[in-house]
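**Student:** Pasting a structure below so you can have a look.
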Amino acid sequence: MSVRRETLQIARLAPKLLGDSADLVAQFIRGQLNADGGFRNRAGDSDLYYTVFGLQALLVLRVDLPVESATSYLRGFGAGQDLDLVHLSCLAGCWAMMPASALAAATRDAILARVESYRTDDGGYHVSRDAAHGSAYHAFLAMGAYQDLGTMPPAPDRIAASLAALQSADGAFANDPGRPHGSTPATAAAVTLIRHLDMPASPALADWLLARFHEGGFFASPDAPVPDLLSTATALHALSSLQSPIEGIRERCLDFVDSLWTSQGAFYGTWADDVPDCEYTFYGLLALGHLAV
């Protein structure tokens with residue numbers, strides 16, 4: 001099962017906790033759809049990055065996708081010739097949620113060739129083609145893009161070697177080699193890659209992630225000022241992958257996610273946030289999905 005399908009599968013459990021509020025979330029997400037088939041960023045413009053989260057949220061809530069307008073919007077990007085690795089992965093992810101017949105084989109192959117052009121000398125992936133080393137985040141995106149388009153990256157052993165070099169001194173993972181401390185999103189991405197690459201996972205990874213839990217949520221790093229929803233959702237996802245129980249933190253985590261809920265049917269990213277969007281609302285759904293298990 002692909003990374004995306006795994007994520008959607010668990011996020012589909014969120015309505016168990018949302019109850020009647022699930023309809024409010026669906027209403028918010030539908031309201032983020034622009035006439036051209038893209039979903040709005042925080043400035044209100046259609047944005048491929050936010051579109052992948054908007055489509056995922058609709059799938060999770062079992063709302064019909066705007067296939068006609070979305071495919072028209074996606075075709076405007078061609079084979080992603082003007083996109084960086086982050087947005088290429090979004091393009092692949094969006095196409096994966098459209099009917100299989102909508103994407104021409106030649107376009108699919110061209111998208112993957114462009115993804116591969118971001119391969120680094122150490123076997124990983126990085127959004128900067130000048131980078132000497134891959135990053136955990138960008139390898140995660142590249143893996144997702146390949147899976148979304150029905151295949152796997154070439155030479156996966158080289159991705160594993162690149163990832164191993166990203167282990168931080170504290171036993172977690174960072175996006176650059178030689179770091180003293182890891183980050184929660186990078187470690188969560190690494191945990192997913194480890195499983196999909198059939199690498200052994202250290203039990204210490206779960207301990208490191210759980211040590212980032214304070215005040216009901218997960219912090220992005222040991223020195224982050226407040227917990228955030230992205231780190232919380234991805235940490236819960238990684239802990240599930242590591243088969244680490246969360247019973248001891250479940251109720252406090254639910255309270256934290258609830259503290260980010262808005263009357264609009266969306267979630268803020270942090271306590272300091274004041275603009276809800278598709279991205280963080282999807283992370284809210286993912287977190288609730290894990291907390292519903």
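**Student:** Identify all residues within the range 128-140 that are in contact with a Phe, Trp or Tyr (Cβ under 7 Å, 6 or more places away or on another chain) and assigned to a helix (DSSP H, G or I); write none if there are none.
**Tutor:** A136, H138, A139
**Student:** I would also like to ask the following. Quick check on A235: is it out of contact with any Lys or Arg (no Cβ under 8 Å at 6 or more places or on another chain) and at negative phi?
**Tutor:** The answer is no for A235.
**Student:** Regarding the range 235-242, can at least one residue be identified that is at pLDDT 95 or above, more than 25 Å from V52 (Cβ to Cβ) and not aromatic (F, W, Y)?
**Tutor:** Residues of the range 235-242 that are at pLDDT 95 or above, as a first pass: 235-242.
Next, from what is left, pick out any that are more than 25 Å from V52 (Cβ to Cβ): 242.
From the residues that got through so far, the ones that are not aromatic (F, W, Y) too are 242.
Yes, the conditions are met somewhere in the range 235-242.
**Student:** Something else now. With the checklist (1) β-branched (V, I, T); (2) in a helix (DSSP H, G or I); (3) under 29 Å from L24 (Cβ atoms) in hand, flag the one item V63 doesn't pass.
**Tutor:** Of (1) β-branched (V, I, T); (2) in a helix (DSSP H, G or I); (3) under 29 Å from L24 (Cβ atoms), only one is false for V63: (2).
**Student:** Scanning the range 237-267 for residues that are over 18 Å from H214 (Cβ atoms) and of a type in the set (F, W, Y), which turns out surrounded by the most Cβ atoms within 10 Å (Cβ to Cβ)? Explain how you work it out, then say what you get.
**Tutor:** Initially, the range 237-267 is screened for residues over 18 Å from H214 (Cβ atoms), giving 237, 240-243, 245, 261-267.
Filter once more, keeping what is of a type in the set (F, W, Y): 261, 267.
On the way: W261: 19, F267: 27.
Selected residue: F267.
**Student:** If you check A165, A145, A132, A189, which single one turns out to be more than 20 Å from the chain's Cα centre (by Cα) and in contact (Cβ under 8 Å) with a residue 24 or more places away in the chain?
**Tutor:** The unique qualifying residue is A165.
**Student:** Continuing with this model, one more query. Filter the range 66-112 for residues that are in a helix (DSSP H, G or I) and farther than 27 Å from H126 by Cα and give the result.
**Tutor:** Step one: list which residues in the range 66-112 are in a helix (DSSP H, G or I), which gives 67-75, 85-96, 100-102, 105-112.
Those that are in a helix (DSSP H, G or I) and farther than 27 Å from H126 by Cα: V67, E68, S69, A70, T71, S72, A100, S101, A102.
**Student:** I'd like to verify a number: residues in the range 186-245 that are in a loop (DSSP other than H, G, I, E, B) and of a type in the set (S, T, N, Q), how many?
**Tutor:** Summing the residues that are in a loop (DSSP other than H, G, I, E, B) and of a type in the set (S, T, N, Q) in the range 186-245 gives 4.
**Student:** Just to be sure I understand the filter: pairs with C-beta atoms under 8 Å, separated by 6 or more residues or on different chains, first member in the range 35-56 and surrounded by fewer than 16 Cβ atoms within 10 Å (Cβ to Cβ), second member modelled with pLDDT under 95. Which pairs pass?
**Tutor:** Short answer, once both residue conditions are applied: none.
**Student:** So which of D157, D170 is of a type outside the set (S, T, Y), touching a His at 6+ places or on another chain (Cβ under 8 Å) and surrounded by fewer than 17 Cβ atoms within 10 Å (Cβ to Cβ)?
**Tutor:** So the residue among D157, D170 that is of a type outside the set (S, T, Y), touching a His at 6+ places or on another chain (Cβ under 8 Å) and surrounded by fewer than 17 Cβ atoms within 10 Å (Cβ to Cβ) is D170.
**Student:** Further, regarding this structure: Here are some residues: S128, S135, S117. Which one is polar (S, T, N, Q) and touching a strand residue (DSSP E or B) at 6+ places or on another chain (Cβ under 8 Å)?
**Tutor:** S135
The values are calculated or read from the model by the stated rules, or taken from the named source; none is laboratory data. Fair warning: this is a prediction, and the values are worked out from it, not measured in the lab. Note that each Cβ is placed from the backbone with ideal geometry, even for glycine, and that neighbours are counted across all protein chains shown.
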